[in-house]
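As structure tokens, the structure follows; a few thoughts come after it.
The values are calculated or read from the model by the stated rules, or taken from the named source; none is laboratory data. Note that this is a predicted model, so its numbers are computed, not measured. Counting neighbours? That spans all protein chains shown, and the Cβs are built from the backbone with ideal geometry, glycine included.
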Amino acid sequence: MQNLLDFLRRYNYLFIFVVLEVVSFVLLFRFNSYQGSVWLSAANGVTAHINNLYKQGEDYFRLKTINTQLTEENIRLQQENAILSEALLTVTHDSTYTEKRVSEQLTGYTLIPAKVVSNKVVRGANNYIVINRGTAEGIRPEMGVVGGGGVVGIVYLTSKHHSLIIPLTHVKSSISCRVRGKNYFGYLQWDGRSTRKAHVDDVPRYAKARRGSVIETSGYSAVFPPGIFVGRVDKVVNSKDGQSYRLNVVLGNDFGNLRDVNVIATPYKNEIDALMFQADSLSER
Amino acid sequence: MLQNFFIRSFWFLLLVLLQTLVFNHIHFMGYATPMPYVYFLLIQPHHTDRWSYVCMGFLLGIAIDVFSNTIGAAAASMTLVGLLTPLLVKIFAPEDKLDEDFLPSAATMKWSGFLKLSAIAFFLHIALFFMLENFSLFDPETLFINIGASWVLTFLFVVAIEHIRMSFNKRFTL
């Protein structure tokens with residue numbers, strides 16, 4: 001303490017000097033407008049700079065919170081994006097001519113839209129398709145399933161929320177078909193080769209099926225209404241016994257790329273339609 | 001003591017009056033203005049307290065400022081000169097005089113010592129004064145010409161004043 005007082009006493013002129021200089025500068029800035037404004041703007045500049053530095057520091061320490069927020073938002077946006085792009089896919093789905101025709105023919109039927117959740121497409125094997133609708137949505141075995149390119153297959157087994165479908169590309173699949181415009185019918189079968197191709201056997205030789213003729217459901221089974229597109233004739237060949245033709249058919253659906261399908265769920269309607277169709281064909285004769 | 005006070009007051013008033021009535025109106029070539037009032041600090045007795053140097057510098061500066069409308073500029077520079085003058089006197093005074101309470105002047109310090117002392121003190125004051133008054137380096141050439149020209153002119157006036165004082169002292173031993 002004594003040292004401090006000695007120090008103050010010894011260098012009192014320095015303190016006086018500092019005080020008087022401060023007074024001088026205050027007077028200078030106070031009573032001279034030019035110097036005052038220069039001082040003021042310089043001081044403002046310094047203050048702004050310090051404030052800026054402070055703000056930057058503060059921002060830096062807030063980065064962690066912001067990072068968490070951004071991550072959360074990012075996840076939310078990604079989910080939203082996935083949902084929206086799915087919705088967009090459904091909305092902008094370009095319906096083909098066949099698809100329109102199939103849906104026109106199926107007006108009046110209750111259709112249950114479903115998505116394919118599992119699709120086994122292997123050549124030479126027994127393929128199955130699993131869709132995400134089951135008994136809870138009203139799906140029963142033996143219901144027909146159609147897709148954008150026409151007939152897909154028949155419901156075979158159902159659980160509460162999922163169903164197993166036997167597609168056309170299953171060796172045991174057999175669907176009653178006919179050539180459009182003609183009443184000759186046969187059964188569409190798959191030989192286990194290409195999943196894009198099947199064949200119709202036992203078509204009489206006098207049936208004038210040509211390359212490009214449309215193969216559709218005949219309506220003789222209770223599963224599909226008549227006239228649903230199945231595929232087009234690719235080649236007309238002799239069957240093994242030589243008595244009839246075998247029609248090689250290019251299927252309307254690409255089973256390797258199947259996504260949205262509809263299950264035809266109106267009970268008995270197809271039976272009734274089939275009866276009416278048969279009645280019509282009887283009267284034509 | 002009282003005589004000392006009167007002598008100081010006399011010089012104070014004389015220099016302030018000279019500055020405000022005469023020297024402030026001189027703008028030699030548009031640049032040079034003599035400011036010989038620092039002389040007041042240089043001729044204080046050697047043993048004056050340093051704090052009173054500082055205070056006297058400030059007071060003289062403020063007085064000049066009030067009359068020449070440059071509030072603060074002369075006060076700030078004179079306060080600095082007041083702080084440094086005792087050091088300069090100590091540096092340029094002859095060593096044998098340092099112990100006694102001598103009055104710095106051309107007679108006691110020799111012309112060379114006194115001129116060096118006043119050159120540095122005046123330069124400090126004038127440089128600082130002009131910088132504070134301009135308060136920017138927007139036109140440094142003019143600023144430096146101002147400082148240099150005023151310094152030279154002031155120096156000439158101080159030599160003249162010192163001459164007059166010496167001859168006066170010889171006659172009346174003031």
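List of remarks:
- Sole exception among (1) surrounded by fewer than 24 Cβ atoms within 10 Å (Cβ to Cβ); (2) over 31 Å from the mean Cα position of the chain (by Cα); (3) touching a residue at least 24 places away in the same chain (Cβ under 8 Å) for residue A:161, by number: (2)
- Being away from chain A (no Cβ under 14 Å), assigned to a helix (DSSP H, G or I) and either more than 17 Å from residue B:150 (Cβ to Cβ) or among the polar types (S, T, N, Q) (or both) is a property that residue B:10 has.
- Qualifying residue in region B:94-107 (condition: surrounded by 15 or more Cβ atoms within 10 Å (Cβ to Cβ), in contact (Cβ under 8 Å) with a residue 40 or more places away in the chain, among the small types (Gly, Ala, Ser) and part of a helix (DSSP H, G or I)): yes
- Residue check, residue B:42 away from chain A (no Cβ under 12 Å), within 21 Å of residue B:87 (Cβ to Cβ), surrounded by 15 or more Cβ atoms within 10 Å (Cβ to Cβ) and not aromatic (Phe, Trp, Tyr): yes
- Listed by position, the helices (runs of 4 or more DSSP H) contained in region A:6-107 that have at least 1 residues being surrounded by 13 or more Cβ atoms within 10 Å (Cβ to Cβ) and facing another protein chain (nearest Cβ under 10 Å) are A:12-31, A:33-91.
- Qualifying positions in region A:91-139 - charged (D, E, K, R) and in contact (Cβ under 8 Å) with a residue 40 or more places away in the chain: A:99, A:101, A:115, A:123, A:133
- The lone criterion from (1) of a type in the set (Gly, Ala, Ser); (2) crowded, with 21+ Cβ neighbours inside 10 Å; (3) in contact with a Phe, Trp or Tyr (Cβ under 6 Å, 6 or more places away or on another chain) left unmet by residue A:176 is number (2).
- For region B:1-55, filtering for residues that are closer than 21 Å to residue B:123 by Cβ and polar (S, T, N, Q) leaves 4.
For every residue, the table says whether it meets (1) within 14 Å of another protein chain (Cβ to nearest Cβ); (2) surrounded by fewer than 21 Cβ atoms within 10 Å (Cβ to Cβ); (3) touching a Cys at 6+ places or on another chain (Cβ under 9 Å); (4) of a type outside the set (Phe, Trp, Tyr).
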| position | (1), (2), (3), (4) |
| --- | --- |
| B:15 | no, no, no, yes |
| B:27 | no, yes, no, yes |
| B:34 | no, no, no, yes |
| B:92 | no, yes, no, no |
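- Test: residue in region B:163-174 that is farther than 20 Å from residue B:34 by Cβ and part of a loop (DSSP other than H, G, I, E, B): yes
- Out of A:198, A:209, sole residue that is of a type in the set (A, V, I, L, M), surrounded by 12 or more Cβ atoms within 10 Å (Cβ to Cβ) and at pLDDT below 80: A:209
- Among residues of region B:1-43, those that are touching a residue at least 24 places away in the same chain (Cβ under 8 Å) and not hydrophobic (A, V, I, L, M, F, W, C), counted: 11
- Residue A:253 being among the polar types (S, T, N, Q) and touching a strand residue (DSSP E or B) at 6+ places or on another chain (Cβ under 8 Å): yes
- Some residue of region A:90-107 being of a type outside the set (S, T, N, Q) and over 17 Å from residue A:261 (Cα atoms): no
- Residue check for residue A:221: polar (S, T, N, Q) and assigned to a strand (DSSP E or B): no
- Contact map, region A:179-193: residues that are on the phi > 0 side of the Ramachandran plot paired with residues that are modelled with pLDDT of 80 or more, Cβ distance under 9 Å, separation 6+ or inter-chain. Pairs shown: A:181/A:213; A:181/A:214; A:192/A:169; A:192/A:171.
- Selection count where residues are touching a strand residue (DSSP E or B) at 6+ places or on another chain (Cβ under 8 Å) and either within 14 Å of chain A (Cβ to nearest Cβ) or not hydroxyl-bearing (Ser, Thr, Tyr) (or both), scope region B:104-156: 4
- Yes/no for residue B:145 being surrounded by 15 or more Cβ atoms within 10 Å (Cβ to Cβ), touching a Ser or Thr at 6+ places or on another chain (Cβ under 7 Å) and of a type in the set (Val, Ile, Thr): no
- Scan of region B:45-64 for residues that are surrounded by fewer than 23 Cβ atoms within 10 Å (Cβ to Cβ) and either more than 13 Å from every other protein chain (Cβ to nearest Cβ) or part of a helix (DSSP H, G or I) (or both), ordered by number: B:45, B:46, B:47, B:50, B:51, B:52, B:55, B:56, B:59, B:62, B:63
- Count - residues of region B:77-86 that are at the interface with another protein chain (Cβ under 9 Å from one of its Cβ atoms) and buried (at least 24 other Cβ atoms within 10 Å of the Cβ): 4
- Scanning region B:65-73 turns up no residue that is within 19 Å of residue B:148 (Cα to Cα) and more than 8 Å from chain A (Cβ to nearest Cβ).
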